[in-house]
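What follows is a single structure, written as structure tokens, with notes after it.
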Amino acid sequence: MFTGTILNALGILFGGLLGLILGRQLSPPTQIALRSLLGFVTVYTGLHLTWASVNGSLYQGFKQVVTLVLALMVGRVIGRLLRLQAGLNRLGESTSRRFAAATPTDPHRFSEGFWICSVLFCAGPLGPLGAVAEGLGGYWPPLALKAVMDGLAVMGLTRMFGWGAMLSAVPVAAMQTTLTLVALRLHPFLETHGLVDATNAVLGMLIFCVALILLEIKKVRLGDYLPGIVAAPLITWLW
């Protein structure tokens, strides 16, 4: 357990060290190729989790698919009412402004780098989704993918912020460990009542949506769908 979170933290540290040693980012063509590769692997990772969670007879499979769709719809309605994506967008805009104002000679660049990178690596949807997936079934590949993404990102950020960017591994590990522990505590109850598969199916579909964003196929307001993770077991329980 916690394999994915450990890999994620190590990815940030290793990527930061490479950035400090090399002193430059990967070339744009290399970045585009890696982004595409990560996108396709994320497609497989998300759909594999969803497919593995839809099982049983034909009727049970149909029922699980309907539950998945309903959970995403309900989650989207709740997310829009709570303005989750709007809040994440505001946080992203604030971080972008601070990044644009940063300079290599800023005496506070280490603390700024820590804050900016912590928000960047914690606010992305793949972290919470992967942490919950690992807690519910030990499925760590989403966080392994995030480790590579964060490592590539921090390579360039260390040029501006130095060690401050690498220290963001601490809040990332703390947040994801907390979510995994919560999922672990809930797992016995969900397993007893047959609610794990419904939750994992939604997690897999949301991870798949991350790939759509990475591949620039569709700009999904993913934050608004996050309540679907809670809606899925509730709908299954009622049905």
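Just give me the residues in region 48-81 being touching a residue at least 60 places away in the same chain (Cβ under 8 Å) and more than 22 Å from Gly194 (Cβ to Cβ), in sequence order.
Arg76, Ile78, Gly79, Arg80
In this structure, is Gln25 touching a Leu at 6+ places or on another chain (Cβ under 9 Å) and touching a residue at least 60 places away in the same chain (Cβ under 8 Å)?
Here the answer is yes, as Gln25 does meet what is asked.
State all residues of region 48-87 that are among the hydroxyl-bearing types (Ser, Thr, Tyr) and over 23 Å from the mean Cα position of the chain (by Cα); if no residue qualifies, say none.
Scanning region 48-87 gives Ser57, Tyr59.
What do you reckon, is Thr158 surrounded by fewer than 18 Cβ atoms within 10 Å (Cβ to Cβ) and in a helix (DSSP H, G or I)?
Against the criterion (surrounded by fewer than 18 Cβ atoms within 10 Å (Cβ to Cβ) and in a helix (DSSP H, G or I)), Thr158 does not qualify.
Exactly one condition in (1) buried (at least 17 other Cβ atoms within 10 Å of the Cβ); (2) within 29 Å of Val196 (Cα to Cα); (3) over 19 Å from the mean Cα position of the chain (by Cα) is not met by Leu129; state its number.
Going through the list (1) buried (at least 17 other Cβ atoms within 10 Å of the Cβ); (2) within 29 Å of Val196 (Cα to Cα); (3) over 19 Å from the mean Cα position of the chain (by Cα), Leu129 breaks only (3).
Which condition from (1) surrounded by fewer than 22 Cβ atoms within 10 Å (Cβ to Cβ); (2) in contact (Cβ under 8 Å) with a residue 12 or more places away in the chain is the one that Gly204 breaks?
Among (1) surrounded by fewer than 22 Cβ atoms within 10 Å (Cβ to Cβ); (2) in contact (Cβ under 8 Å) with a residue 12 or more places away in the chain, the lone unmet condition for Gly204 is (1).
Condition first: under 30 Å from Ile235 (Cβ atoms) and among the β-branched types (Val, Ile, Thr). Can you find one or more residues in region 48-59 that meet it?
The answer is yes, given that some residue of region 48-59 is under 30 Å from Ile235 (Cβ atoms) and among the β-branched types (Val, Ile, Thr).
Assuming Arg90 fulfils every condition listed in (1) assigned to a helix (DSSP H, G or I); (2) among the charged types (D, E, K, R); (3) over 19 Å from the mean Cα position of the chain (by Cα) apart from one, which condition is it?
For Arg90, the failing item is (3).
Suppose the filter is touching a residue at least 60 places away in the same chain (Cβ under 8 Å) and either buried (at least 16 other Cβ atoms within 10 Å of the Cβ) or under 23 Å from Leu20 (Cβ atoms) (or both); does Glu112 pass it?
Considered against the rule, which asks whether it is touching a residue at least 60 places away in the same chain (Cβ under 8 Å) and either buried (at least 16 other Cβ atoms within 10 Å of the Cβ) or under 23 Å from Leu20 (Cβ atoms) (or both), Glu112 comes out as no.
Residue-by-condition table, conditions (1) more than 18 Å from Pro128 (Cβ to Cβ); (2) among the polar types (S, T, N, Q); (3) surrounded by fewer than 18 Cβ atoms within 10 Å (Cβ to Cβ):
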site	(1), (2), (3)
Gly4	no, no, no
Leu7	no, no, no
Leu20	yes, no, yes
Ser27	yes, yes, yes
Val41	yes, no, yes
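Please determine whether any residue of region 55-64 is buried (at least 16 other Cβ atoms within 10 Å of the Cβ) and assigned to a helix (DSSP H, G or I).
Yes, region 55-64 has at least one match.
What number of residues within region 179-201 satisfy the criterion of being in a helix (DSSP H, G or I) and either of a type in the set (Asp, Glu) or surrounded by 14 or more Cβ atoms within 10 Å (Cβ to Cβ) (or both)?
Residues in region 179-201 being in a helix (DSSP H, G or I) and either of a type in the set (Asp, Glu) or surrounded by 14 or more Cβ atoms within 10 Å (Cβ to Cβ) (or both): 15 in total.
Table: residues versus (1) modelled with pLDDT of 95 or more; (2) farther than 21 Å from Pro141 by Cβ.
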site: Pro171; (1), (2): yes, yes
site: Met175; (1), (2): yes, no
site: Leu179; (1), (2): yes, no
site: Leu184; (1), (2): yes, no
site: Gly194; (1), (2): no, yes
site: Asn200; (1), (2): yes, no
site: Leu215; (1), (2): no, no
site: Leu222; (1), (2): no, no
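The values are calculated or read from the model by the stated rules, or taken from the named source; none is laboratory data. Being a predicted model, the structure only gives us computed values, none of them experimental. No Cβ is skipped: glycine too gets one built from the backbone with ideal geometry, and neighbour counts run over all protein chains shown.
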